[in-house]
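Q: Next up is a structure, given as structure tokens.
The values are calculated or read from the model by the stated rules, or taken from the named source; none is laboratory data. Not measured: the values here are computed from a predicted model. Virtual Cβ from ideal backbone geometry, glycine too; neighbours counted across all protein chains shown. Side chains are part of the model used for accessible areas, which takes the heavy atoms of the whole protein and leaves out ligands, DNA and RNA. Shrake-Rupley method; radii C 1.70, N 1.55, O 1.52, S 1.80 Å.
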Amino acid sequence: MEFTINQVAALIGGQVKGNGDEKINMLAKIQEAKKGQIAFLSNPKYEPFIYTTQASAVIVKKDFQPKKEVQSTLILVDDPYVSFTALLEQYHQMITFQKVGVEQPSYISENAVVGSSVYRGAFSYIGNKVKIGNNVKIYPNAYIGDDVVIGDNTILYAGVKIYAGTRIGANCTVHSGAVIGSDGFGFAPQQDGTYKTIPQMGHVVLEDNVSIGANTVIDCATLMGDATTIRKGVKLDNLIQVAHNVEIGKNTVIAAQTGISGSSRIGENCIIGGQVGVAGHLKIANKTGIGAQAGILKSITEEGERILGSPAFDAKQYFQSYAVFKKLPELHSGLRDLEKKVDQLEGDKIDK
Amino acid sequence: MEFTINQVAALIGGQVKGNGDEKINMLAKIQEAKKGQIAFLSNPKYEPFIYTTQASAVIVKKDFQPKKEVQSTLILVDDPYVSFTALLEQYHQMITFQKVGVEQPSYISENAVVGSSVYRGAFSYIGNKVKIGNNVKIYPNAYIGDDVVIGDNTILYAGVKIYAGTRIGANCTVHSGAVIGSDGFGFAPQQDGTYKTIPQMGHVVLEDNVSIGANTVIDCATLMGDATTIRKGVKLDNLIQVAHNVEIGKNTVIAAQTGISGSSRIGENCIIGGQVGVAGHLKIANKTGIGAQAGILKSITEEGERILGSPAFDAKQYFQSYAVFKKLPELHSGLRDLEKKVDQLEGDKIDK
Amino acid sequence: MEFTINQVAALIGGQVKGNGDEKINMLAKIQEAKKGQIAFLSNPKYEPFIYTTQASAVIVKKDFQPKKEVQSTLILVDDPYVSFTALLEQYHQMITFQKVGVEQPSYISENAVVGSSVYRGAFSYIGNKVKIGNNVKIYPNAYIGDDVVIGDNTILYAGVKIYAGTRIGANCTVHSGAVIGSDGFGFAPQQDGTYKTIPQMGHVVLEDNVSIGANTVIDCATLMGDATTIRKGVKLDNLIQVAHNVEIGKNTVIAAQTGISGSSRIGENCIIGGQVGVAGHLKIANKTGIGAQAGILKSITEEGERILGSPAFDAKQYFQSYAVFKKLPELHSGLRDLEKKVDQLEGDKIDK
């Protein structure tokens, strides 16, 4: 994985100023880059580093005018940050897509169907009637239960557990330790104080372009044919709990350790902070913003609200109330003082 | 897995009205059911669907009087919901209990003892001197450390990790990624600011009929011979933390992402919401109800309390306080106004 | 693993009083110990048990004067608790260090380098160019991605997942289900409401003597060459979230279910409670104490502060404010009463 500066410049449509034959093998920050590495300069704040960096190449803006001598070869582009990010992505794909083929021992049922260019790591398990698309990467120790369907280009990292019947779209990423399709938490209280398990027979659907964080859990729906559904483009961080029959709308982003209780429906393009709790059977409008650690006890019907607190209400008002909360002891003694004064005034009145 | 309507009716003790020879192979909701499926009608709100459903059979109440023509065959029973649930359970067991036998490669130590009709999935690991009962299902990639004992009919889903010395009862379910018996969090501060690890040498006991959610963690007790103990019939949701030496009483139910700190003892038949934190060394009375996100800092001695907040107190009072909290800015300015008025009144008095 | 009482006494430098030839094979609490077990007496409260215990041996203080007859052999030492703890540790090491050698099947790449006395459990996976030190224990179903480096004496429990490029020091412990090096949660919003994945190309560094709890997740840094860094002696409990580019300072201890958002830097010797949330890009001073469930929204610049609440402020003040919060309904009606009285007084004034 080594390229000449000329090759890299061609890749990002840039113009080389200096020695284009030098080889680079890594991307780095301008303040830390060494020989053989490529960096970029976008923010003018970092300009001083271009005069001292040891980077073999630096991606700069077309119209960049050095104030001192620059040792590195320059690659001139329209937007250095965009070009650098494009390089990063190329590099990332090259690393990721190295993994192809089957490591042994691994397990695959006889009637599973697997597409082309698939990676199946050692100790990965593929159950009965599973259908796996092209370019799918299944890392070691991943488990895929019976009747699961997985779309093209999806990556399941090491130790992911996919329960039977789950449907996963294309271009999804599921990080290590995530569990998809475990039983919903459903128990019917009995007369004698015990609980009877309500069979959880539905499944989970992840649509395309969904990302699931490490050790996040998504429970299956209760009834057969029903699905806990994660819509296109949803991004879930680590250690999130998604209960049975929940639906999360398109392009909603949820930070780590948040929990969504059973049957709640989260709208599209919501941004939900970390450690938030959403109670069951609620409906959250599109574009709702929920602050970290909030507790949601009622549905949000209007789009674009920002809420906070437990139970949550308007975030701005929450901060105003909280500002007074911090002064409550003063406020309390202020009230006590006032009561004494008023008693005094009333006493005076009576005295007259 | 296909039955005639007559066979299903016999199974639930119902009476067939219509063609009992048709075959059904799936259960469904009345509003969605198709040919070959069976549904039920319990809630009168759903009655309209019985006149349009394509279900081959519908389970109805004995005294049901159709107002229009019904295409489906009817099965008359005392309580359609109960009968349908019974069918669900039967079906669920049939699916679950399909798994029997040993997939290869799997690992079992020479001196482990395994009962009859056990399923051992590929890449499952059974350590030294482990004892496993009858009808136990050990899914792929599950790990069972040395000296573990597991009772009859217990299910360990894929990727469960059971540390050495754990005792698990009969009819338990442990969902994927759960960790039972990891070291308690015990570190003794040293003079130089570092911490010394306190060896955690106890174990974990799960009694019968316990259910453990996905990615939940239960730490072992500190001292040898001691156990972190989860009593009969306890149901723990996903991503819960149970620290060392905790005891959770019979039939207590805990929702996702709650954490119980070391040595606390939770009573029987408690209902604990999600994301609750219980501090260490507390005792929570039987039948306590703890609202979501509450923080428990002191023991609850009276049975049947409902608490909320952090630190938690009576839930009803919490909501009352919180209602005022939301109005604190008004209250604050009300107080300021009043102070001015009283100053004015006092000034008037002095003026006289 | 059976020793005579004389052998145990020699090990802890104690003096035997009684039959030193009896064999013991387990440590136990004095109130529960049986024949063949050894207990200790430190707290005078427990003295009565020494006259009834069935323990074969009891470790006691040098100057202990029994008030009645004692059946057990005594081992006299300076500090019975310290001696007992030392024994515990010895015992614990003996158990832990039994595991050596390779169980099959396990997977190791051709170009991995493994030290001496290493345990590699069945179904463990060691990727390309991995370097593993001496006395390392890799339990079953653990996954170690490409280019990982692991120092001497480190233990990776069953089902741990270490992503490519992670560096782990010596004497570390990583508990089951922990994930080290998963992608940071980085997504760039696009014009059409979708999100584009920002490649996460950094890695994670765990320095020496770090302990990571079960199912805890540590994300990798965003940029190549950067690392999410856990400094020497840090102890993380279970189910903790550490986001990309975070740094946790030496000897800091964090309780379960806490989350640290991206790029925040936690100081040294901090003590952080459970279920705490720290927002992104903050700096927390050394020796900060953060109470359970707190939410940190701004940097802490002064060492040794104790904070609580969400958003968090001084813990003592939080409790004072919270005490008034609990009385808010009274306070509210007190204010209303006062308003009426003042209106009355003002009315009186006008009447005059």
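Q: So what does C:Ser116 come to for accessible area, using a 1.4 Å probe and Å² rounded to 10?
A: 60 Å²
Q: Same structure, new question: Between beta-carbons, use under 10 Å as the cut-off and find the net charge around A:Leu223, counting Lys and Arg +1, Asp and Glu -1.
A: Working: positive: B:Lys29; negative: A:Asp226, B:Glu32.
That sum, taken over residues with Cβ under 10 Å, equals -1.
Q: If amide H atoms are built 1.01 Å from N in the plane of the peptide, which residues on other chains or at least 5 residues away come under 5 Å of the amide H of B:Thr216?
A: Correct list: B:Ala178, B:Val179, B:Leu239, B:Ile240.
Q: Let me ask something else about it. If we count GluC sites (Glu not before Pro) as exposed when they sit in a DSSP loop and have at most 10 other beta carbons within 10 Å, what is the longest stretch of chain B that avoids them all?
A: Numbers: sites that count: B:Glu2, B:Glu69, B:Glu110, B:Glu302.
Excluding the exposed sites themselves, the longest stretch runs over B:111-301.
Q: With θ taken as phi - 60° and the coefficients 6.51, -1.76 and 1.60, list the Karplus ³J(HN,Hα) couplings across region A:327-333 in order, rounded to whole Hz; mark glycine and proline as x.
A: 9, 4, x, 4, 4, 4, 6
Q: Next question, about the same structure. Got a number for the accessible area of A:Val8? Probe 1.4 Å, square angstrom, nearest 10.
A: A:Val8 exposes around 10 Å² with every protein chain in place.
Q: Hey, got the Cα dimensions of region C:178-294 along the principal axes, in Å, largest first?
A: Taking max minus min along each principal axis of the Cα atoms, region C:178-294 gives 44, 28, 26 Å.
Q: Under a point-charge model restricted to the Cβ atoms of Lys and Arg (+1) and Asp and Glu (-1), what is the dipole moment magnitude of region A:101-317 relative to its Cα centre, in debye to the nearest 20? Numbers along the way, then the final one.
A: Working: 17 positive and 18 negative charges, 52 e Å.
My answer is approximately 260 debye.
Q: Skip the ligands, DNA and RNA, and give the accessible area per residue of region C:138-182 with a 1.4 Å probe, whole Å². Mind showing how you got there, number by number?
A: Numbers: 760 Å² over 45 residues.
Dividing the accessible area of region C:138-182 by its residue count gives 17 Å².
Q: Quick one: which residues, 5 or more positions from C:Val130 or on another chain, have an amide H under 5 Å from its amide H? H modelled 1.01 Å from N in the peptide plane, none for Pro or chain starts.
A: C:Ala112, C:Val113, C:Asp147, C:Val148
Q: If you don't mind, another one. How big is the convex hull of the Cα atoms of the protein assembly as shown, per residue, in Å³? Can you show the working numbers first?
A: Details: hull volume 255.3 nm³, N = 1056.
Dividing the Cα hull volume of the protein assembly as shown by its residue count gives 242 Å³.
Q: What percentage of all Cα-Cα pairs in region B:210-255 are separated by more than 15 Å?
A: On the way: 421 of 1035 pairs.
Value for region B:210-255 (Cα pairs over 15 Å): 41 percent.
Q: Let me ask something else about it. Helix-derived [θ] at 222 nm for chain C: sum -39500 (n - 2.57) over DSSP H runs of at least 4, divide by residue count, nearest 500?
A: After summing the helix terms and dividing by the residues of chain C, the value is -6000 deg cm²/dmol.
Q: Please tell me the relative contact order of chain C in percent, rounded to the nearest whole number, where contacts are Cα pairs under 8 Å and at least six residues apart.
A: Working: 959 pairs, mean separation 21.2, N = 352.
Relative contact order here is 6 percent.
Q: From the backbone phi of region A:140-150, what are the Karplus-calculated ³J(HN,Hα) couplings (6.51 cos²θ - 1.76 cosθ + 1.60, θ = phi - 60°) in whole Hz, Gly and Pro given as x?
A: Once rounded to whole Hz, the list reads x, 6, 7, 10, 10, x, 4, 6, 7, 10, 10.
Q: What shape does chain A have by the C-alpha gyration tensor, where a ≥ b ≥ c are the square roots of the eigenvalues, rounded means a/c under 1.5, and otherwise prolate means a/b greater than b/c and oblate the rest?
A: In terms of gyration-tensor shape, oblate.
Q: May I ask for the longest run of chain C untouched by chymotrypsin sites (Phe, Trp or Tyr not before Pro) that are loop-located per DSSP and have at most 16 neighbouring C-beta atoms (other than their own) within 10 Å?
A: C:98-352
Q: Loop only per DSSP, at most 13 neighbouring Cβ atoms within 10 Å: give me the trypsin sites (Lys or Arg not before Pro) in region C:1-106, ordered by residue number.
A: On the way: sites: C:Lys17, C:Lys23, C:Lys29, C:Lys34, C:Lys35, C:Lys45, C:Lys61, C:Lys62, C:Lys67, C:Lys68, C:Lys99; in loops: C:Lys29, C:Lys34, C:Lys35, C:Lys62, C:Lys67, C:Lys68, C:Lys99.
Counting only loop positions with at most 13 other Cβ atoms within 10 Å, the trypsin sites (Lys or Arg not before Pro) in region C:1-106 are C:Lys34, C:Lys35, C:Lys62, C:Lys67, C:Lys68.
Q: Could you identify which residue out of B:Val242, B:Val342, B:Val174 has the top mean-square fluctuation in a GNM of chain B using Cα springs shorter than 10 Å?
A: B:Val342
Q: Provide the percentage of antiparallel DSSP beta bridges, counting only those with both residues in region B:235-352; round to the nearest 5.
A: Working: 3 of 22 bridges.
So the antiparallel bridges amount to about 15 percent of the total.
Q: A further question on this structure: Put the label 7 Å from Cα along Cα→Cβ for B:Gln190; what are its distances to the other copies, in nanometres, shortest first?
A: 5.3, 5.3
Q: What total accessible surface area, summed over both chains, is buried at the interface between chains C and A, computed with a 1.4 Å probe and given in Å² to the nearest 100?
A: About 5100 Å² of accessible surface is lost on pairing.
Q: Please work out the C-alpha center-to-center distance from region C:288-352 to region A:97-126 and express it in whole Å.
A: 61 Å
Q: Separate question: In region C:229-273, what residues drop by 30 Å² or more of accessible area when the other protein chains are put back, versus the chain on its own? Use 1.4 Å, and skip ligands and nucleic acids.
A: C:Lys235, C:Asp237, C:Asn238, C:Leu239, C:Gln241, C:Asn251, C:Val253, C:Gln257
Q: So which trypsin sites (Lys or Arg not before Pro) in region B:257-326 are both in a DSSP loop and have at most 13 other Cβ atoms within 10 Å of their Cβ?
A: Values: sites: B:Arg265, B:Lys283, B:Lys287, B:Lys298, B:Arg306, B:Lys316, B:Lys326; in loops: B:Lys287, B:Lys298.
Here the trypsin sites (Lys or Arg not before Pro) that fit, given the DSSP loop and packing criteria, are B:Lys298.
Q: Could you report the accessible area of C:Arg120 in Å², rounded to 10, computed with a 1.4 Å probe on the protein chains as they sit in the structure?
A: 30 Å²
Q: Students often forget the sequence filter, so: which lysines lie under 16 Å Cα-Cα from C:Lys129 once same-chain residues fewer than 8 apart are removed?
A: A:Lys99
Q: Let me check I've understood the local charge: for C:Gly184, count other residues with C-beta under 14 angstrom from its C-beta, Lys and Arg +1, Asp and Glu -1. What total comes out?
A: On the way: positive: A:Lys235; negative: A:Asp237, C:Asp183, C:Asp219, C:Asp226, C:Glu247.
So the surrounding residues net to -4.
Q: What is the antiparallel percent of DSSP beta bridges lying wholly in the protein assembly as shown, to the nearest 5? Provide the component values of the computation, followed by the final result.
A: On the way: 33 of 237 bridges.
Bridges in the protein assembly as shown are about 15 percent antiparallel.
Q: State the antiparallel share, in %, of DSSP beta bridges confined to region A:101-317, rounding to the nearest 5. Could you put the intermediate results ahead of the total?
A: Values: 6 of 64 bridges.
About 10 percent, rounded to the nearest 5.
Q: Send over a whole-number figure in Å² for the accessible area per residue of region A:3-96, probe 1.4 Å. Please list the in-between numbers first.
A: Values: 5200 Å² over 94 residues.
Spelled out: the 1.4 Å probe surface of region A:3-96, per residue, equals 55 Å².
Q: Pull up all non-local amide H partners of C:Ile198: gap of 5 or more, or a different chain, and H-to-H distance under 5 Å with H placed in the peptide plane.
A: Amide H neighbours of C:Ile198: C:Gly186, C:Phe187, C:Ala188.
Q: For B:Asp337 and A:Lys340, what is the calculated FRET efficiency with R₀ set at 22 Å and r taken between the beta-carbons, to the nearest 0.05?
A: For B:Asp337 and A:Lys340, the calculated efficiency is 0.75.
Q: Right, another one. Using a Cα-Cα cut-off of under 30 Å, which lysines could be cross-linked to B:Lys45, ignoring same-chain neighbours fewer than 8 residues away?
A: Output for B:Lys45: A:Lys196, A:Lys283, A:Lys298, B:Lys17, B:Lys23, B:Lys29, B:Lys34, B:Lys35, B:Lys61, B:Lys62, B:Lys67, B:Lys68.
Q: Report the label-to-label distance for C:Gln7 and C:Lys62 in nanometres (one decimal), using points 7 Å from each Cα along the Cα→Cβ vector.
A: 2.7 nm
Q: At 4 °C and 1.567 mPa s, what whole-number value in µm²/s does Stokes-Einstein give for the translational diffusion of region C:29-142, with Rh from the Kirkwood sum over Cα pairs?
A: On the way: Rh = 17.2 Å.
Using the Kirkwood radius from Cα pairs, D works out to 75 µm²/s.
Q: Counting only heavy atoms of protein chains, what accessible area per residue, in Å², does region B:200-352 have with a probe of 1.4 Å? If you can, show how the numbers build up before the last one.
A: Working: 5570 Å² over 153 residues.
Accessible surface, normalised per residue, equals 36 Å².
Q: Another question about this same structure. How about region B:120-144: which of its residues lose at least 10 Å² of accessible area in the presence of all protein chains relative to their chain isolated, using a 1.4 Å probe?
A: The answer is B:Ala122, B:Phe123, B:Tyr125, B:Tyr139, B:Pro140, B:Asn141, B:Tyr143.
Q: In whole percent, how big is the carbon plus sulfur part of the accessible area of region C:89-152, probe 1.4 Å, protein atoms only? Walk me through the intermediate numbers first.
A: Values: 1170 of 2580 Å².
Answer for region C:89-152 is 45 percent, counting heavy atoms of protein chains only.
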